[in-house]
Amino acid sequence: MAARTELASPAAPDCGPARLEVAIELSKKSWLVAVQSPFSGKASLHSVASGDAAALLDVLE
């Protein structure tokens with residue numbers, strides 16, 4: 001099941017909304033987080049300890 005959240009706040013006054021695409025693979029040991037911004041052609045991968053919500057938020061910031 002995939003959840004999608006879209007925010008309508010523009011990145012700058014002269015352009016449309018910015019979109020950050022995130023995929024999270026969950027396991028008991030760790031979470032693999034893939035993040036892609038509209039400014040990058042390639043997704044960046046990050047490993048986070050399972051259940052570490054603070055680290056997940058740090059990756060998303």
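Among residues of segment 25-37 that are more than 18 Å from A54 (Cβ to Cβ), those with a Cβ under 6 angstrom from a residue that is exposed (fewer than 13 other Cβ atoms within 10 Å of the Cβ) and among the small types (G, A, S), sequence gap 6+ or separate chain, pair up as K28/S50; A34/A23. Of the candidates A3, A54, the single residue that is open to solvent by 60 Å² or more (accessible area, probe 1.4 Å) and at pLDDT below 85 is A3.
The values are calculated or read from the model by the stated rules, or taken from the named source; none is laboratory data. On a predicted model such as this, the values are computed, not experimentally measured, just so you know. Neighbour counts are summed over all protein chains in view; Cβ atoms, including those assigned to glycine, are modelled from backbone coordinates with ideal geometry. Surface areas here come from the heavy atoms of the whole protein model, side chains and all, with no ligands, DNA or RNA. Shrake-Rupley method; radii C 1.70, N 1.55, O 1.52, S 1.80 Å.
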